[in-house]
Structure formats: structure tokens, C-alpha cells
Amino acid sequence: MKTTPADGPVRTAGAPTLSPAAIFGLLTNDDRRYALHYLSMTVGELPVAEIADRIAYWNGESTTEGRRRALTALHHLHLPKLVDEGAVDYDVERQTVVLVAGADLVPHLRLVAAADFD
């Protein structure tokens with residue numbers, strides 16, 4: 001009989017594997033979830049500043065100060081956590097981010113999108 005652990009990682013070809021605990025941990029913060037959602041809507045790399053602009057917009061803070069806060073939080077809090085968990089690749093020199101664990105995250109992002117973007 002073949003069994004799979006309920007809390008074990010789900011394997012996808014060529015992509016990092018995130019455990020359910022890691023996925024839910026990444027999705028608990030609104031700004032981090034917004035960044036992941038925006039990355040999941042695109043193909044390839046995105047500039048960090050563009051992600052910060054989108055986060056500020058979704059937070060209703062499309063001001064210079066709101067974008068600065070979103071950019072600072074991305075650099076110092078959210079991107080390091082996303083990189084550590086294997087969800088994104090962050091090129092510090094080019095200031096770009098690409099989603100690498102989309103297969104693990106997208107189904108969960110779709111579930112919370114209705115609540116996030118009413």
C-alpha cells in the first residue's frame with residue numbers, strides 16, 4: 001500500500017519543494033502574499049521596485065512613502081524569508097525576483113485571492 005505523509009512535501013519536477021508548513025508560513029503575511037501573487041501572474045523575472053509598487057497599490061498606499069515602505073519591507077523582511085524557504089530567486093545585483101516554487105504556491109494563492117482582492 002502506497003501512502004504519503006499528510007504534512008510532507010509535494011514533489012514537482014524541476015522545482016523546489018515546499019512543505020505545507022512552509023507554504024502556510026509564507027502566506028500568513030499580507031505583503032508577502034501580495035508579492036507571491038504578483039509573481040505568480042507573470043513569467044520570468046520582475047524588478048523588486050515593480051513588486052513594491054504593486055504591494056503599495058494593493059495596500060491602498062500608492063504614495064511615494066507607501067512604495068518606500070513596501071520596498072524596504074521587501075528588502076529586509078520578505079525577500080530573505082522567501083529566498084530561505086526556496087520560493088523565489090532574488091538577484092541582488094540586478095534587483096530582480098523570480099518565482100521558483102509556483103507549483104507549490106499557486107493553488108494556495110488562488111484560494112486566498114478572493115479574500116485578498118474583493
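The values are calculated or read from the model by the stated rules, or taken from the named source; none is laboratory data. Just so we're clear, the structure is a prediction, and the values are computed from it rather than from any experiment. Heads up, the Cβs are rebuilt from the backbone with ideal geometry, glycines too, and the neighbour counts pull from every protein chain shown.
From the set of residues in region 42-76 that are assigned to a helix (DSSP H, G or I) and in contact (Cβ under 8 Å) with a residue 40 or more places away in the chain, which is farthest from Leu26 (Cα to Cα)? Residue satisfying both the conditions and the ranking: Ala49. Take the conditions at pLDDT 95 or above and outside any helix (DSSP H, G or I) and apply them to Arg94. Does it pass? Criteria met by Arg94.
Selection over region 82-91 of residues that are assigned to a helix (DSSP H, G or I) and surrounded by 15 or more Cβ atoms within 10 Å (Cβ to Cβ) gives a count of 3. Glu85: in contact (Cβ under 8 Å) with a residue 60 or more places away in the chain, charged (D, E, K, R) and out of contact with any Lys or Arg (no Cβ under 6 Å at 6 or more places or on another chain), yes or no? When the stated conditions are applied, Glu85 passes them.
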